[in-house]
Amino acid sequence: MNIAEKKMVELLREMKELYNVVEIKTEFESEAARLNEVMRLKDVVEKAGLGLVIKTGGPEAIRDLYDACIVGVTGIVAPMVESAYALKKYLGAIEKFVPHDLKHYIKFAVNIETIQAHKNFDEMLALKGAERLSRITLGRVDMVGSLGMGRDDINRDEILEIARAMFKKAKAKGFETTMGGGIAKEAIPFIKKLVAEKLLDRYETRKVVFQIPARFDEALVEEAIIKANAFELLWLENKRNYYAGITGEDDGRIGMLEKRVGNIS
């Protein structure tokens, strides 16, 4: 474990104690995380006493399910689940490819992140086997994109009403609820309204998942989001430094071979 990773561990321990951090997240989807990166992150997360969630590349990304099980995650999220059929495929993949004992340990979730998925949500919840899921996540950035809006529109009342409707239905079925997408200080009033109605259990930045505390403190939540950004920055800087080192490790050998090849030609 290098110096940057040790700093990450200390930061995560602080965030766990002060800001209700429960899990760290990585993605085979939008991040295109490589397996070696996920393993390094798992090491950091374990030392901080937190869980690791992986977002797969899609509802039936079977190789991603295999890799998640190998790593030893606490949660798996399938993105872009837009219909009952897509959910059926995801649930079928879980049943077939996730070992039986891990099914009782891993929390499975789906991202509802388009207006089409929102329209099909009742049908998804009614699907046989949907109880295998533990959590429902609203992805706000893709939701506004599917409505033809921009990222700056994620805190509009229209999106809040979608969140309310979705989370009320999810709660009625016994699911935990999570919200992500554009989680910055500007999102705090949006989060606060859902918390006041007892509709939101967790919120997440790109990398960090927070449990809603018993007492919602706006100033503390703003601090938490800044700390989450600091963690992500540390992670990305460490990743950049790792690959930068790799790019130059064979320069000497390449130079020598280029001279040899040049002499032959």
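Tell me the mean residue ellipticity at 222 nm calculated for the chain from its helices only (DSSP H runs of n ≥ 4, each -39500 (n - 2.57), averaged over every residue, nearest 500).
Helix contribution divided over all residues of the chain: -17000 deg cm²/dmol.
Pairs 103/185; 107/227; 42/227; 16/192; 42/171; 96/227: which are spaced more than 28 Å apart, C-alpha to C-alpha?
Where the Cα-Cα span goes over 28 Å, the pairs concerned are 103/185; 42/171; 96/227.
Which net charge results for the neighbourhood of residue 43, defined as the other residues with beta-carbon distances under 12 angstrom from its beta-carbon, given Lys and Arg at +1 and Asp and Glu at -1?
+1
Exactly which trypsin sites (Lys or Arg not before Pro) in segment 102-191 are in a DSSP loop and have at most 11 other Cβ atoms within 10 Å?
128
List the trypsin sites (Lys or Arg not before Pro) within segment 212-265 that DSSP assigns to loop and that have no more than 14 neighbouring Cβ atoms inside 10 Å.
Loop-located and lightly packed - 215.
What does the C-alpha gyration tensor say about the overall shape of segment 86-217? Classify as rounded when a/c is under 1.5, otherwise prolate if a/b is larger than b/c, or oblate.
Cα axes put segment 86-217 in the prolate bin.
For segment 142-265, just say rounded, prolate or oblate: build the C-alpha gyration tensor, square-root its eigenvalues into a ≥ b ≥ c, call rounded for a/c under 1.5, and beyond that prolate if a/b exceeds b/c, oblate if not.
prolate
Among all stretches of the chain without exposed chymotrypsin sites (Phe, Trp or Tyr not before Pro) (DSSP loop, at most 15 other Cβ atoms within 10 Å), which one is longest?
106-215
Find out how many positive minus negative residues lie around residue 125, taking Lys and Arg as positive, Asp and Glu as negative, among other residues whose Cβ is under 9 Å from that of residue 125.
So the surrounding residues net to 0.
Compute the length gained on full extension between residue 46 and residue 196: take 0.36 nm times their separation in residues and subtract their Cα-Cα distance, giving the result in nm to one decimal.
My answer for the length gained is 50.8 nm.
Grab the other residues whose beta carbon is less than 12 angstrom from that of residue 223, score K and R as +1, D and E as -1, and report the net.
Summing Lys/Arg as +1 and Asp/Glu as -1 gives -2.
For segment 3-261, what is the percent of antiparallel DSSP beta bridges, rounded to the nearest 5?
If we restrict to bridges inside segment 3-261, about 20 percent are antiparallel.
Run the reach check for residue 6 against aspartates and glutamates, Cα to Cα strictly under 18 Å, same-chain hits fewer than 8 apart removed. What comes back?
14, 17, 23, 37, 43, 46, 232, 237
Tell me, what is the Rg over Rh of the chain, with Rh the Kirkwood radius over Cα pairs?
Ratio of gyration radius to Kirkwood radius: 1.04.
Laboratory data are not the source of any read-out in this text; all were calculated from the coordinates shown. What you see is a predicted model, and the numbers here were worked out from it, not measured in a lab. Counting neighbours? That spans all protein chains shown, and the Cβs are built from the backbone with ideal geometry, glycine included.
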